[in-house]
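Notes for the one structure printed next.
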Amino acid sequence: MKEPKTSFGIRTDEDLAKNLDKIVEESDDLNVSRSEAVESILMAYFKSDTDHVKKVRELVIRKRKGKI
(Lines give C-alpha, C1' and ligand atoms only; values in the text may rest on other atoms or scores of the structure.)
Protein backbone atom coordinates (compact mmCIF):
# COMPACT_ATOMS: atom_id res chain seq x y z
CA MET A 1 0.00 0.00 0.00
CA LYS A 2 1.28 3.47 -0.87
CA GLU A 3 2.05 5.85 1.95
CA PRO A 4 0.06 9.10 2.00
CA LYS A 5 1.88 12.06 0.46
CA THR A 6 2.13 15.65 1.56
CA SER A 7 2.77 18.75 -0.49
CA PHE A 8 5.08 21.63 0.29
CA GLY A 9 6.56 24.41 -1.78
CA ILE A 10 10.22 25.31 -1.95
CA ARG A 11 12.29 28.20 -3.23
CA THR A 12 15.71 27.43 -4.63
CA ASP A 13 18.59 28.96 -6.55
CA GLU A 14 18.15 29.15 -10.30
CA ASP A 15 21.18 26.89 -10.82
CA LEU A 16 19.59 24.13 -8.75
CA ALA A 17 16.34 24.53 -10.65
CA LYS A 18 18.24 24.30 -13.95
CA ASN A 19 19.98 21.11 -12.77
CA LEU A 20 16.63 19.66 -11.75
CA ASP A 21 15.09 20.63 -15.10
CA LYS A 22 18.00 18.91 -16.87
CA ILE A 23 17.24 15.70 -14.97
CA VAL A 24 13.56 15.99 -15.92
CA GLU A 25 14.40 16.65 -19.59
CA GLU A 26 16.83 13.73 -19.75
CA SER A 27 14.18 11.47 -18.20
CA ASP A 28 11.59 12.30 -20.83
CA ASP A 29 11.09 8.60 -21.54
CA LEU A 30 9.85 8.19 -17.94
CA ASN A 31 7.57 11.23 -18.12
CA VAL A 32 9.00 12.34 -14.77
CA SER A 33 7.89 15.59 -13.12
CA ARG A 34 10.02 17.95 -11.05
CA SER A 35 8.15 16.75 -7.99
CA GLU A 36 8.90 13.11 -8.69
CA ALA A 37 12.57 13.89 -9.37
CA VAL A 38 12.89 15.80 -6.07
CA GLU A 39 11.17 12.97 -4.22
CA SER A 40 13.60 10.45 -5.75
CA ILE A 41 16.60 12.59 -4.80
CA LEU A 42 15.31 12.88 -1.22
CA MET A 43 14.64 9.13 -1.06
CA ALA A 44 18.20 8.38 -2.18
CA TYR A 45 19.61 10.85 0.34
CA PHE A 46 17.66 9.50 3.30
CA LYS A 47 18.47 5.89 2.42
CA SER A 48 22.21 6.66 2.47
CA ASP A 49 24.41 5.88 5.45
CA THR A 50 24.85 9.48 6.55
CA ASP A 51 24.13 11.44 9.69
CA HIS A 52 21.46 13.45 7.88
CA VAL A 53 21.02 16.14 10.54
CA LYS A 54 24.78 16.69 10.78
CA LYS A 55 25.18 16.83 6.99
CA VAL A 56 22.29 19.26 6.45
CA ARG A 57 23.55 21.53 9.26
CA GLU A 58 27.03 21.51 7.69
CA LEU A 59 25.63 22.38 4.26
CA VAL A 60 23.42 25.18 5.63
CA ILE A 61 26.36 26.74 7.46
CA ARG A 62 28.64 26.49 4.41
CA LYS A 63 25.93 27.95 2.16
CA ARG A 64 25.28 30.87 4.51
CA LYS A 65 29.03 31.62 4.61
CA GLY A 66 29.08 31.62 0.80
CA LYS A 67 31.41 28.63 0.64
CA ILE A 68 29.09 26.61 -1.59
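Just a few scattered comments:
- Taking 32 Å as the limit for the C-alpha separation, the pairs 18/65; 2/63; 22/65 exceed it in the case of 2/63.
- The mean accessible area for residues of the chain, using a 1.4 Å probe and ignoring ligands and nucleic acids, is 99 Å² per residue.
- The modelled label-to-label distance for the pair residue 58/residue 27, using points 7 Å beyond Cα in the direction of Cβ, is 2.6 nm.
The values are calculated or read from the model by the stated rules, or taken from the named source; none is laboratory data. All of these numbers come straight from a predicted model, not from anything done at the bench. Cβ atoms come from the backbone with ideal geometry, glycine included; neighbour counts cover every protein chain shown. With ligands, DNA and RNA removed, areas are computed over all heavy atoms of the protein, side chains included. Shrake-Rupley method; radii C 1.70, N 1.55, O 1.52, S 1.80 Å.
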